[in-house]
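Colleague: I'd like to ask you about the structure that follows.
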Amino acid sequence: MAEEIFTASTENLRDLKKQRKRICALVNRAIREKQDPDLISLTKMYALLYSAYVETSFLKLIHTPKAFTESEIIQIMAERNLEQKWLKCVDLAFNKLNTTNLGEVANKKQTLHRLLQEYIIDPSQIRNKVAHGQWVYCLNNECTKVNHDTTALMANLDFVKIEKYFCIYDKFHQCILDLLISHRTHYRDYYQIITELQDYVDSTKSWSLETKKHQILSSSKYQNYKEKNYGNGAY
């Protein structure tokens, strides 16, 4: 069963990556053509794609050959939501480490739990609202009234934030995968990936939709595009 789920998830993930590239290209085009309504629509689609991407890549991870036993997979899938499943996955992954340095294991686990909370679990409330079609007004968990805090977060969601979520998630995912299947090199790979992840977070703090627009609209490629498509006309 695990092999079948792994194969299916791999193919699903491959297609999601293709769609991601397509949406990114359309977003760049919308920015070049200054089509803000298209950009808003594409951003919502990108958020929905991220939701699907997170769930599919997680299924692929836990069903990776030699990563978890069938019993461990059942334990993970028994958790009530994806965030709890991730926590169980991380804990089981560390249980597999063959080391007597319990302090080092505790420090690694603490670091990954912090990253998991900050960059995967905390943004998951937005991911869940997108998946349930609450794109303008977000409701509380009981769907009895509007959650104004989450609604404000949704209103501030933009393409660049989602892109950062994608990149951070991929690095976190790779770190856990290395713990599971790269037993000989995971010490080296772990610190390398954690460093890359933190460097990425630090270097992209100032990134925003406005900086992306400025980068595209001030590029020589855009000037050539504008000249080719609009000549000397106003744009």
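The values are calculated or read from the model by the stated rules, or taken from the named source; none is laboratory data. Given the structure is predicted, the values throughout are model-derived calculations rather than measurements. Glycine gets a Cβ as well: all are built from the backbone with ideal geometry, and neighbour counts include every protein chain shown.
Colleague: Among the residues of region 120-152, which ones are among the aromatic types (Phe, Trp, Tyr) and closer than 19 Å to Tyr50 by Cα?
Modeller: Within region 120-152, Trp135 is the sole residue that qualifies.
Colleague: Let me ask another. Spot the failing condition for Val160; the list is (1) surrounded by 15 or more Cβ atoms within 10 Å (Cβ to Cβ); (2) more than 14 Å from the chain's Cα centre (by Cα); (3) within 30 Å of Asp202 (Cα to Cα), and only one is missed.
Modeller: (2)
Colleague: I would also like to ask the following. Look through region 25-38, keep the residues that are free of Cβ contacts under 8 Å to residues at least 12 places away in the same chain and under 19 Å from Leu49 (Cα atoms), and return whichever of them is surrounded by the most Cβ atoms within 10 Å (Cβ to Cβ).
Modeller: Within region 25-38, the match that is surrounded by the most Cβ atoms within 10 Å (Cβ to Cβ) is Arg29.
Colleague: Where the second residue is at pLDDT below 95 and loosely packed, with under 15 Cβ neighbours inside 10 Å and the first is closer than 15 Å to Met77 by Cβ and lies in region 1-16, which pairs have Cβ atoms under 7 Å and are six or more apart or on separate chains?
Modeller: Taking only residues 6 or more apart or on different chains, the pairs are Ala2/Glu70; Phe6/Pro65.
Colleague: List the helices (runs of 4 or more DSSP H) that sit entirely inside region 100-202 and contain at least 3 residues that are farther than 26 Å from Arg80 by Cβ and modelled with pLDDT under 85.
Modeller: 102-116
Colleague: Between Leu49, Leu13, Leu42, which is surrounded by 15 or more Cβ atoms within 10 Å (Cβ to Cβ), over 16 Å from the mean Cα position of the chain (by Cα) and at negative phi?
Modeller: On inspection, the qualifying residue turns out to be Leu42.
Colleague: Given the criteria at pLDDT below 85 and either under 28 Å from Cys89 (Cβ atoms) or among the hydroxyl-bearing types (Ser, Thr, Tyr) (or both), does Ser206 qualify?
Modeller: No, not satisfied.
Colleague: Go through region 124-156 and give me each residue that's in contact with a Phe, Trp or Tyr (Cβ under 7 Å, 6 or more places away or on another chain) and without any contact (Cβ under 8 Å) to a residue 24 or more places away in the chain.
Modeller: Val146, Thr151
Colleague: Tell me, yes or no, whether region 132-146 has at least one residue that is within 23 Å of Met45 (Cα to Cα), small (Gly, Ala, Ser) and over 13 Å from the mean Cα position of the chain (by Cα).
Modeller: Checked against the condition, which is being within 23 Å of Met45 (Cα to Cα), small (Gly, Ala, Ser) and over 13 Å from the mean Cα position of the chain (by Cα), region 132-146 yields at least one hit.
Colleague: Here's something else I'd like to know. Any residue at all in region 215-235 that's modelled with pLDDT of 90 or more and β-branched (Val, Ile, Thr)?
Modeller: Checked region 215-235: no residue is modelled with pLDDT of 90 or more and β-branched (Val, Ile, Thr).
Colleague: Here is a further query. Given the criteria closer than 25 Å to Thr204 by Cβ and over 16 Å from the mean Cα position of the chain (by Cα), does Asp122 qualify?
Modeller: no
Colleague: Same structure, new question: Of everything in region 59-89 that's assigned to a helix (DSSP H, G or I) and touching a residue at least 60 places away in the same chain (Cβ under 8 Å), which residue is surrounded by the most Cβ atoms within 10 Å (Cβ to Cβ)?
Modeller: In this case the residue turns out to be Cys89.
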